[in-house]
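These notes are about the structure you will find just below.
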Amino acid sequence: MTAQPIENLSGLDLRAEIERLRKERKAVILAHYYQKPELQDLADFVGDSLELSRKAAETDAEVIAFCGVKFMADTAKILSPDKIVVLPDMEAGCSLEDSCPPEKFKAFREAHPDHIALTYINCSTEVKALSDVIVTSSSAETILQQIPDSQPIIFGPDRHLGGYLNRKFGRDMLLWPGVCIVHEAFSETELLKLKAQHPGAPIAAHPECPPHIVDHADYVGSTSGILQYAKTMEGDTLIVATEPHIIHQMETALPSKTFIGAPGADGNCNCNICPYMALNTMEKLYLALRDLEPRIEIEEPLRLAAKKSLDKMLEMASGTIGKGDLGAR
Ligand code: 13P
Ligand code: SF4
């Protein structure tokens, strides 16, 4: 990852400038829960991958400024091709997307012609085009349950989400060996030490976590699901095993409760900040709205091919409200 050069913007009231440009450009600002608090606070909508996809498909704004990572902005462009979609930093990728090069995925599919490809949305547009149905962490369970047990399935690129679904539903999906570097960094030893200090506090984990973390969780679900769990749980303290910027939403909505980020091996959770999400800043959002760059462009045949598996997701997930999701184990 290389940072983009930034011109000197000191002296500018970035928040006011972004507000002005949002109106001028008829733009909507969409943000994921892993974004810096200042970006979440000025977004028109903050959500998980499924909710953000739905918002992008529905919006009548002329510009979508996407504060998230590239596969999320690509999804917005695939679903809303007539909009200008800008991503504040084009280097904001994802380790899961990187783990799954399209040509290798294509060869894997060709080696298993009787399998359908159920693919996590954290992948490239090319991999979406090679897939049958896309899932997010909040729609995976609903969608998998609509596929007969007898149907062989390839699941990629996240082997932890796929493994979790296999265990929960007794499936034997073939798993692509990708992982999220952020969720991989949680330490079981440190988590158990933290749990011993807060014995009554439940643990909520994202299904991208490895089994040695998920197995200790009282709740497993998408970012929106974890947020919903925080709102409905009994108790006043929650241990959160996902990217810690989501805690901003929890503390805003639930100021009387305590939220503790699950630790990495060094005993704190700084290693669990997503380095890709962190590339987006107020400065870069301002420049993206001002210059309408960096802009997502996707060739039409590729977009149409990828849209099929995304449309299938939206259709099969139509009963998913974006927060019931994977639920308690
Ligand atoms: P959600 O869909 O649960 O928000 O997950 C997105 C993601 O990238 C998690 O690492
Ligand atoms: Fe990708 Fe992990 Fe960052 Fe989510 S947290 S965007 S899966 S690297």
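Volume per residue, Å³, of the convex hull around the alpha-carbon atoms of the chain? Mind showing how you got there, number by number?
On the way: hull volume 44.5 nm³, N = 329.
Looking at the chain, the number lands at 135 Å³ per residue.
What shape does the stretch 16-72 take by its C-alpha gyration tensor, where a ≥ b ≥ c are the square roots of the eigenvalues and a/c under 1.5 counts as rounded, a/b above b/c as prolate, and the rest as oblate?
Values: a/c = 2.15, a/b = 1.21, b/c = 1.78.
Taking the square roots of the gyration eigenvalues as a ≥ b ≥ c, the stretch 16-72 is oblate.
With a point put 7 Å past each Cα toward its Cβ, work out how far Glu58 is from His112 in nm, to one decimal.
Reported label-point gap for Glu58 and His112 is 3.4 nm.
Tell me the carbon and sulfur percent of the accessible area for the stretch 180-316, rounded to whole percent, probe radius 1.4 Å. Don't skip to the end; give the middle numbers.
Values: 2940 of 5590 Å².
Within the stretch 180-316, the accessible surface is 53 percent carbon and sulfur.
How big is the equivalent ellipsoid of the stretch 1-120 along its three axes, where each semi-axis is √(5λ) from the Cα gyration tensor, reported in whole Å from largest to smallest? Kindly include the intermediate steps, with their values, before the conclusion.
Numbers: eigenvalues 201, 60, 29 Å².
Ellipsoid half-lengths, sorted descending, are 32, 17, 12 Å.
Write down the accessible area per residue of the chain in Å², having rolled a 1.4 Å probe over the full set of protein chains. Could the numbers behind the result be given before it?
Values: 13330 Å² over 329 residues.
For the chain, the solvent-accessible area averages 41 Å² per residue.
Please work out how much length the chain gains when fully extended from Ala196 to Glu234, using 0.36 nm per residue of separation minus the C-alpha to C-alpha distance, in nm with one decimal. Numbers along the way, then the final one.
Values: separation 38, 0.36 × 38 = 13.68 nm, distance 1.87 nm.
Extra length available between Ala196 and Glu234 comes to 11.8 nm.
What per residue convex hull volume, in Å³, comes out for the stretch 203-292 when only alpha-carbon positions are used?
On the way: hull volume 11.0 nm³, N = 90.
Per-residue hull volume (Cα only) is 122 Å³.
Only Cα pairs under 8 Å and at least 6 apart count here; give the relative contact order of the chain as a rounded whole percent. Intermediate results must be reported in sequence, preceding the final value.
Working: 672 pairs, mean separation 78.8, N = 329.
It rounds to 24 percent for the chain.
Using a 1.4 Å probe on the protein chains only, how many percent of the accessible area of the stretch 104-165 belongs to carbon and sulfur? Please report the intermediate quantities before stating the final value.
Values: 1030 of 2070 Å².
Ligands and nucleic acids excluded, carbon and sulfur give 50 percent.
Strictly over 22 Å apart at the Cα level, which of Lys284/Lys308; Lys36/Lys168; Lys70/Lys257; Lys83/Lys128 would you flag in this model? Walk me through the numbers before you get to the answer.
Details: Lys284/Lys308 32 Å; Lys36/Lys168 33 Å; Lys70/Lys257 33 Å; Lys83/Lys128 20 Å.
In this structure, Lys284/Lys308; Lys36/Lys168; Lys70/Lys257 lie more than 22 Å apart at Cα.
Would you mind calculating the relative contact order of the stretch 178-290 from Cα pairs under 8 angstrom and at least 6 residues apart, reporting the percent as a whole number? Walk me through the numbers on the way to the answer.
Details: 165 pairs, mean separation 32.1, N = 113.
Answer for the stretch 178-290 is 28 percent.
Summarise the long-distance tail of P(r) for the stretch 67-155 by giving the % of C-alpha pairs beyond 24 Å.
Values: 981 of 3916 pairs.
Result: 25 percent of Cα pairs exceed 24 Å.
With contacts defined as alpha carbon pairs under 8 Å and 6 or more residues apart, what's the relative contact order of the stretch 1-105 in percent? Can you show the working numbers first?
On the way: 135 pairs, mean separation 23.8, N = 105.
For the stretch 1-105, the relative contact order is 23 percent.
Of all the C-alpha pairs in the stretch 235-277, what % are more than 14 Å from each other?
Values: 428 of 903 pairs.
Taking all Cα-Cα pairs of the stretch 235-277, the fraction more than 14 Å apart is 47 percent.
The values are calculated or read from the model by the stated rules, or taken from the named source; none is laboratory data. Source: prediction; values computed, not measured. Cβ: placed from backbone, ideal geometry, glycine included. Neighbour counts: every protein chain shown. Heads up: the accessible areas ignore ligands, DNA and RNA and are worked out on the full protein's heavy atoms, side chains in. Shrake-Rupley method; radii C 1.70, N 1.55, O 1.52, S 1.80 Å.
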